[in-house]
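Below is one structure, written out as structure tokens, with a few remarks after it.
Each value in this text was obtained by applying a stated rule to the coordinates, not by laboratory testing. This one's a predicted model, so the numbers in the text were calculated from it and none came from an experiment.
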Amino acid sequence: MTFVLKMFIGGLSWNTNDSMLYHHFSKFGEVVEHCVMRDAATQRSRGFGFVKFADADAVERVSKDPASRLSYCGLLLMQIGVHFISELFIKP
């Protein structure tokens, strides 16, 4: 059996930081990795990031929760596009 643990998160506000991303998605389960991708020269957000969960159940909860698509995170509104990516964990 294979389980998706890592998600591509697109459509983030330019002001979203790593901490905001973590706090938003940690309500679905244990987040083991998270990052907002930044421009190397300007350090400005590129508007997307990645979140990796400890277990596949958290990914399932994100995919089933319509509120995960649009959320107030602090004072910033994030319109989130969630996509599963090909990093898979193979469970014996």
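Calculate, in nm to one decimal, what VAL32 and LYS64 gain on full extension: separation in residues at 0.36 nm each, minus their alpha carbon distance. Spell out each step's value before the answer.
Numbers: separation 32, 0.36 × 32 = 11.52 nm, distance 2.03 nm.
That pair, VAL32 and LYS64, stretches by 9.5 nm at full extension.
Rounded, prolate or oblate: pick one for region 1-51, where a ≥ b ≥ c are the square roots of the eigenvalues of its C-alpha gyration tensor, a/c under 1.5 means rounded, and failing that, prolate if a/b is larger than b/c, else oblate.
On the way: a/c = 2.53, a/b = 1.77, b/c = 1.43.
In terms of gyration-tensor shape, prolate.
Between ASP39 and ASP18, what length in nm is gained on full extension when 0.36 nm per residue of separation is reduced by their alpha carbon distance? Walk me through the numbers on the way to the answer.
On the way: separation 21, 0.36 × 21 = 7.56 nm, distance 1.40 nm.
Gain in length upon complete extension: 6.2 nm.
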